[in-house]
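Step one of this worksheet: look at the structure below.
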Amino acid sequence: MFQVDMSSLFIWLRPLNSRSFLNDIKLLELILLIIIAVFVELMLEILYSTLKNMENVSRSTDLVSDQDTDQDDNISRLTKVLGDKEMSAADIMSEQGLSHRPTFRINYLASALNKGII
């Protein structure tokens, strides 16, 4: 970040009668330009960090929505297999081509139970 030691700028400010008025105006314009440059850089840094935070939030939100969609898909597959029948977990798993019981319990049964579908 561009930093200016403002105290060193004020050394150059002498009483108006020791220099011409035009030189004073030029010096004040220079000081103003430096202040504007510092302000613009500060604003750009704030915008950059805000956009970075928004990007991180957007990514995490996308992950959550993808997980919700996957859970909804799993639940709809489960309800299609079950219909109005009562089936064992092994039968449901074989109908869906699943073999890993813990994954079936977490991704299918627990999701459906939490949402009150079964």
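Looking at MET87, MET93, which is the one that is at pLDDT 80 or above, in contact with a Lys or Arg (Cβ under 8 Å, 6 or more places away or on another chain) and surrounded by 10 or more Cβ atoms within 10 Å (Cβ to Cβ)?
MET93
Contact map, the stretch 81-101: residues that are in a loop (DSSP other than H, G, I, E, B) paired with residues that are of a type in the set (Phe, Trp, Tyr), Cβ distance under 6 Å, separation 6+ or inter-chain. Pairs shown: LEU98/PHE104. Tell me yes or no: at least one residue of the stretch 39-57 is assigned to a helix (DSSP H, G or I), among the hydrophobic types (A, V, I, L, M, F, W, C), more than 30 Å from ILE117 (Cβ to Cβ) and modelled with pLDDT under 60. No: the stretch 39-57 contains no residue that is assigned to a helix (DSSP H, G or I), among the hydrophobic types (A, V, I, L, M, F, W, C), more than 30 Å from ILE117 (Cβ to Cβ) and modelled with pLDDT under 60. Just give me the residues in the stretch 26-40 being among the hydrophobic types (A, V, I, L, M, F, W, C), loosely packed, with under 12 Cβ neighbours inside 10 Å and more than 29 Å from the chain's Cα centre (by Cα), in sequence order. Result: LEU28, LEU32, LEU33, ILE36.
The values are calculated or read from the model by the stated rules, or taken from the named source; none is laboratory data. Quick caveat: nothing in here was measured; it's all calculated off a predicted structure. Glycine also receives a Cβ, built like all others from the backbone with ideal geometry; neighbour counts cover every protein chain displayed.
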